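**Student:** Encoded as structure tokens, here's the structure I'll be asking about.
The values are calculated or read from the model by the stated rules, or taken from the named source; none is laboratory data. Just so it is clear, the model here is predicted, and its values are computed rather than measured. Positions of Cβ are generated from backbone atoms using ideal geometry, with glycine treated the same way; all protein chains shown enter the neighbour counts.
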Amino acid sequence: MSEEEKRIIKKYPNRRLYDTEESKYITLEDIKQLVTDNKEFIVKDVKSEEDLTRSILLQIIIEQEDDGEPLFTTQALAHIIRFYGDSVQSVAGDYLQKSINLFVNQQKQLQDQLQSAVNTNPISAMAELTEQNLDMWKKMQESFFENAVKPPFSADKTKEK
């Protein structure tokens, strides 16, 4: 979806958020609902037009982490911080993104299979799903480790320049 097709949320200097589609001020809770409803949007600074979507989403995550059972452990957050500025930063980001995508796909498959479980044997359906997930996880890990051990530039390419 192009940026023009996304719902635009404007952020004003007073930290208020304005939904241009609904023509009203909204809260972080409203943005969280947009995310939950899979609505595409972009948050822009009203003066500079800078894209603030990531920082708003991070704000929502911080609130969620403080309000209840945290998703991230202290150890996981420390590992993520260590990735910044490291040579594996982009690989780690790709790995995290693929892991989350895999998890989302697994959840969707599980929901689909649970809905069809009325007509099938649930034990064999779960065993099949587990086997598929294990195969996908192994492939993703293999890809991650292959990319993590490759040097960013080969010695031959730098000599050619």
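**Student:** Only one of 87, 23, 48 is touching a residue at least 24 places away in the same chain (Cβ under 8 Å) and loosely packed, with under 13 Cβ neighbours inside 10 Å. Can you tell me which?
**Tutor:** That would be 87, the only listed residue that is touching a residue at least 24 places away in the same chain (Cβ under 8 Å) and loosely packed, with under 13 Cβ neighbours inside 10 Å.
**Student:** Return yes when residue 40 is without any contact (Cβ under 8 Å) to a residue 24 or more places away in the chain and not assigned by TED's automatic domain parsing to the domain that holds residue 146 and no when it is not.
**Tutor:** no
**Student:** Would you tally the residues in the range 56-66 being of a type in the set (Asp, Glu) and within 11 Å of residue 29 (Cβ to Cβ)?
**Tutor:** Counting residues in the range 56-66 that are of a type in the set (Asp, Glu) and within 11 Å of residue 29 (Cβ to Cβ) gives 1.
**Student:** Can you find a residue in the range 100-107 that is surrounded by 10 or more Cβ atoms within 10 Å (Cβ to Cβ), under 23 Å from the mean Cα position of the chain (by Cα) and at pLDDT below 85?
**Tutor:** Scanning the range 100-107 turns up no residue that is surrounded by 10 or more Cβ atoms within 10 Å (Cβ to Cβ), under 23 Å from the mean Cα position of the chain (by Cα) and at pLDDT below 85.
**Student:** Does residue 103 satisfy being in a helix (DSSP H, G or I), aromatic (Phe, Trp, Tyr) and either within 30 Å of residue 141 (Cβ to Cβ) or out of contact with any strand residue (DSSP E or B) (no Cβ under 6 Å at 6 or more places or on another chain) (or both)?
**Tutor:** yes
**Student:** So is residue 8 β-branched (Val, Ile, Thr), surrounded by 13 or more Cβ atoms within 10 Å (Cβ to Cβ), outside any loop (DSSP other than H, G, I, E, B) and in contact with an Asp or Glu (Cβ under 7 Å, 6 or more places away or on another chain) or not?
**Tutor:** It is false that residue 8 is β-branched (Val, Ile, Thr), surrounded by 13 or more Cβ atoms within 10 Å (Cβ to Cβ), outside any loop (DSSP other than H, G, I, E, B) and in contact with an Asp or Glu (Cβ under 7 Å, 6 or more places away or on another chain).
**Student:** Given (1) at pLDDT 90 or above; (2) in contact with a strand residue (DSSP E or B) (Cβ under 9 Å, 6 or more places away or on another chain), where does residue 48 come up short, assuming only one miss?
**Tutor:** (2)
**Student:** Moving on to the next point. Please indicate, with yes or no, whether at least one residue in the range 66-82 is surrounded by 15 or more Cβ atoms within 10 Å (Cβ to Cβ) and not basic (Lys, Arg).
**Tutor:** no
**Student:** Residue under question is residue 132, and the condition is that it be surrounded by 13 or more Cβ atoms within 10 Å (Cβ to Cβ), under 29 Å from residue 39 (Cα atoms), in contact (Cβ under 8 Å) with a residue 12 or more places away in the chain and not basic (Lys, Arg); does it hold?
**Tutor:** Taking the combined requirement at face value, the residue does not satisfy it.
**Student:** Tell me which of these residue 13 doesn't satisfy, since it passes every other one: (1) within 25 Å of residue 93 (Cβ to Cβ); (2) in a loop (DSSP other than H, G, I, E, B).
**Tutor:** Status for residue 13: all satisfied but (1).
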